[in-house]
Amino acid sequence: MKLSHAVRRTTAAAVAVGAMSLGLVAVTGGAAHAVASCSGDVSMYGTLSDGRLTYTQIEPNTGDRVKTLTGPNLGFTPKTMAALNFNTVLVTSTTGDLYRVDIQTNNTSLTVAGVVKIWDGGWTFDKLVYDGAGHLYGTVDGQLHQYLVSQAKPAGSAHIGQHVVIDTGFVLKTLAAAGDDRIVASTSDGRLLSYKINGVGDWDRTVLKSSGWSAVDSLSSPGGGLYYGRTNGGMYWYHDSDPTDGDGSDITYHSDDPVDASGWTQSLLSTYANNCAYVAPAPPESVQGGTISRNEVMTRAKNWYTRNVQYDQGASASDIDGDHSYRTDCSGFVSMAWHLTTSLTTETLSSASTEINKSDLRPGDALNSYSEHAVIFAGWKDQDAGTFYYYSESSPATDMNYSTADIDSGDISGHPASSYVALRYKKIA
């Protein structure tokens, strides 16, 4: 068995030959570069309307399609597909059966070693994705289901189990797994959403893009912040610089350099989800009062939380570097996280920041109730619902605190949510 799993270059002629089987048009990649750390080329499986299996290899750094191969008919009508690994694909049928497709080779031709029914009925999901880290997700009637996959080549219920319903409300147009318990999805109204699944009834949701994704009819990801979306038969690629921050402003579009402008006619598409990984950059070393990255703000905030620095308006504590000290109250904590030159107060934090809309909050920003309290915004729990996470140096009773609140109602760290304004440090990167 020979599986092509190495990063490689092919000539334009070879790409064109592979394209002929699906009528794909070879497009030369431009100078755009993704930064995802991938073990090789991206592997994307698919099915045609007549039931034949397809395999496409994409160079992750340029978006260039290396080759496309067409294999045999699976012998049933596929409904959903999830690539478990490089040579194993799960496919459900329109009759609710679950099959395991074992790939024999995808080097110069696509052949299968077997198509095995491993579950007889009951698999009625409209979408199926695998996160590359042991969890299989499916949606049906707005419910999100989760299974644990314990074998690389599962043989049935013995290897696909611990079934739970995460929650309802997952009415999505497309669905893709983007990493360990991370899901990206688009909606019919054009939003691009990011989910972090924490457990039953516990998940975080952020809006990566509020519009522009309604035409995407298929979405998949190999991990590492790389997304592949099909629109009007063309395959487009995107790169999210940090797929863990719930922020879509750092997604790079390659609209003028698609994988292919047309020719993608597969009824199903699924990408091997553990092919690429996100490697967080080391936070740059900021200087007091200088430019600072959001990652570094959060690293500094977490340091005081981990140390459980005691609240005392008359005392001070060192920052993570041990080079500077800040007053150990709420505004002193925000000043420390932003690496300011001095400990400001809730009344003077505005001198180092700009007021923004609460809906635009991103990790590392602050919420400030003048003359009362200030907290560091740590990320959205459910952006649609307005719930979020925050760090706070609260009071002698609680000291450092990490909690959730509603941006518009109730209390935030003991003070009315309505009294807070959102602030962004002027020198945040």
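Structure data summary
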| item | result |
| --- | --- |
| Residue within segment 304-316 that is in contact with a Phe, Trp or Tyr (Cβ under 8 Å, 6 or more places away or on another chain), free of Cβ contacts under 8 Å to residues at least 60 places away in the same chain, assigned to a strand (DSSP E or B) and open to solvent by 10 Å² or more (accessible area, probe 1.4 Å) present | yes |
| Some residue of segment 359-374 being part of a helix (DSSP H, G or I), among the hydrophobic types (A, V, I, L, M, F, W, C) and surrounded by 17 or more Cβ atoms within 10 Å (Cβ to Cβ) | no |
| Single condition Thr404 does not satisfy, out of (1) assigned to a loop (DSSP other than H, G, I, E, B); (2) within 28 Å of Leu192 (Cβ to Cβ); (3) free of Cβ contacts under 8 Å to residues at least 40 places away in the same chain | (1) |
| Residues satisfying the stated conditions in segment 336-361, i.e. at pLDDT 95 or above and closer than 30 Å to Gly201 by Cα | Asn357, Lys358, Leu361 |
| Filtered residues of segment 234-253 (kept if acidic (Asp, Glu) and open to solvent by 10 Å² or more (accessible area, probe 1.4 Å)) | Asp242, Asp245, Asp247, Asp250 |
| So Gly96, is it open to solvent by less than 50 Å² (accessible area, probe 1.4 Å), within 24 Å of the chain's Cα centre (by Cα) and small (Gly, Ala, Ser) | no |
| Residue within segment 216-224 that is modelled with pLDDT under 95 and assigned to a loop (DSSP other than H, G, I, E, B) present | yes |
| Selected residue (criterion: surrounded by the fewest Cβ atoms within 10 Å (Cβ to Cβ)) from residues of segment 125-139 that are farther than 13 Å from Lys173 by Cα and of a type in the set (Ser, Thr, Tyr) | Tyr137 |
| Which listed residue, of Ala36, Ala26, is open to solvent by 20 Å² or more (accessible area, probe 1.4 Å) and at pLDDT below 95 | Ala26 |
| Breaking point among (1) among the hydrophobic types (A, V, I, L, M, F, W, C); (2) more than 25 Å from Gly289 (Cα to Cα); (3) open to solvent by 10 Å² or more (accessible area, probe 1.4 Å), for Ile412 | (3) |
| Residue match in segment 319-329 (condition: crowded, with 17+ Cβ neighbours inside 10 Å, at pLDDT 95 or above and under 17 Å from Tyr420 (Cβ atoms)) | yes |
| Index of the failed condition, Ser395 passing every other in (1) without any contact (Cβ under 8 Å) to a residue 60 or more places away in the chain; (2) loosely packed, with under 15 Cβ neighbours inside 10 Å; (3) not acidic (Asp, Glu) | (1) |
| Output for segment 370-397, where each listed residue is touching a Gly at 6+ places or on another chain (Cβ under 9 Å) and β-branched (Val, Ile, Thr) | Ile376 |
| Number of the exception - Asp256 against (1) over 26 Å from Ser403 (Cβ atoms); (2) in contact with a Phe, Trp or Tyr (Cβ under 7 Å, 6 or more places away or on another chain); (3) surrounded by fewer than 19 Cβ atoms within 10 Å (Cβ to Cβ) | (2) |
| Exclusive hit being of a type outside the set (A, V, I, L, M, F, W, C) and more than 21 Å from Tyr305 (Cα to Cα), set Asp399, Asp408 | Asp408 |
| Residues (under 16 Å from Val116 (Cβ atoms) and assigned to a loop (DSSP other than H, G, I, E, B)) located in segment 57-94 | Leu74, Gly75, Phe76, Asn87 |
| Per-region count, segment 379-401, residues part of a strand (DSSP E or B) and of a type in the set (A, V, I, L, M, F, W, C) | 3 |
| Residue in segment 398-408 that is in contact with a helix residue (DSSP H, G or I) (Cβ under 9 Å, 6 or more places away or on another chain), crowded, with 23+ Cβ neighbours inside 10 Å and closer than 25 Å to Ala315 by Cβ present | no |
| When residues of segment 172-203 are limited to those that are charged (D, E, K, R) and either under 9 Å from the mean Cα position of the chain (by Cα) or closer than 15 Å to His135 by Cα (or both), the one surrounded by the fewest Cβ atoms within 10 Å (Cβ to Cβ) | Asp180 |
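One line per residue, one yes/no per condition, for (1) in contact with a helix residue (DSSP H, G or I) (Cβ under 9 Å, 6 or more places away or on another chain); (2) modelled with pLDDT of 95 or more; (3) not in a strand (DSSP E or B):
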| residue | (1), (2), (3) |
| --- | --- |
| Arg205 | no, yes, no |
| Ser211 | no, yes, yes |
| Trp237 | no, yes, no |
| Gly263 | yes, yes, yes |
| Gln266 | no, yes, yes |
| Ala280 | yes, no, yes |
| Asn295 | no, no, yes |
| Arg300 | yes, yes, yes |
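The values are calculated or read from the model by the stated rules, or taken from the named source; none is laboratory data. This structure is a prediction, so every number in the text was calculated from the model and none was measured. Backbone-built Cβ (ideal geometry, glycine too); neighbour counts: all protein chains shown. Ligands, DNA and RNA are excluded from the accessible area calculation, which covers all protein heavy atoms including side chains. Shrake-Rupley method; radii C 1.70, N 1.55, O 1.52, S 1.80 Å.
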